[in-house]
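The values are calculated or read from the model by the stated rules, or taken from the named source; none is laboratory data. It should be emphasised that the depicted structure is a prediction, and the values quoted were computed from it without experimental measurement. Methodologically, a virtual Cβ is constructed for each residue, glycine included, from the backbone with ideal geometry; neighbour enumeration extends over all protein chains shown.
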Amino acid sequence: MIRRTNRIVSASAVLSLLLLFCLNTGAQLRIVFAGDISKAGEPITVKLTNNGKKPIVFCRSFCGSLVVDTKWGVPAFDVRRGRSKSSLLWGCDVGWIDVPDALGPGESAQFHLKLAAPGKYRLLLKYVVGEQSDSVFHKKCEELDIWKKAKLGRSRPFVVNGEG
């Protein structure tokens, strides 16, 4: 009886991993790290790739503690620390705006960001598939009504080490 239970548990674990793998590989937005993730406070290169056949729209921010280069900004990531469901506050002061940005089918873009504190993190980014009209790009992100149908791109968890 114990052997049968162990086999069932093993089979369940394998099926769960396969399902998780299939769900992650089918995502339209892929968030990966290009290069090393080294020490807290040092730039990290993040690559966004649109794996789908339609364009995607996401928001970009030009200020806040994640931003390395204010000319290019970073995607408006939701940054999760550890297993927490709450987000790390990194955004702009009142009055600053996030602007819409897009990636066409098969396109990629790289951004540089930094995390000031060591720890285990995950990046999440809301995006909308197929919304690439001129009216989207003439508004602030918070004024757009497209976010009701937003999807969520997720990076793998990653570790930022302490200073030197």
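Just one of the listed residues (LYS39, LYS114) is of a type outside the set (Ser, Thr, Tyr), farther than 28 Å from ILE146 by Cβ and at pLDDT 85 or above, namely LYS114.
Of all residues in region 36-47, exactly one satisfies the criterion of being aliphatic (A, V, I, L, M) and either farther than 22 Å from ALA116 by Cβ or in contact with a Gly (Cβ under 7 Å, 6 or more places away or on another chain) (or both), namely ALA40.
Selection over region 40-59 of residues that are buried (at least 18 other Cβ atoms within 10 Å of the Cβ) and of a type in the set (D, E, K, R) gives a count of 0.
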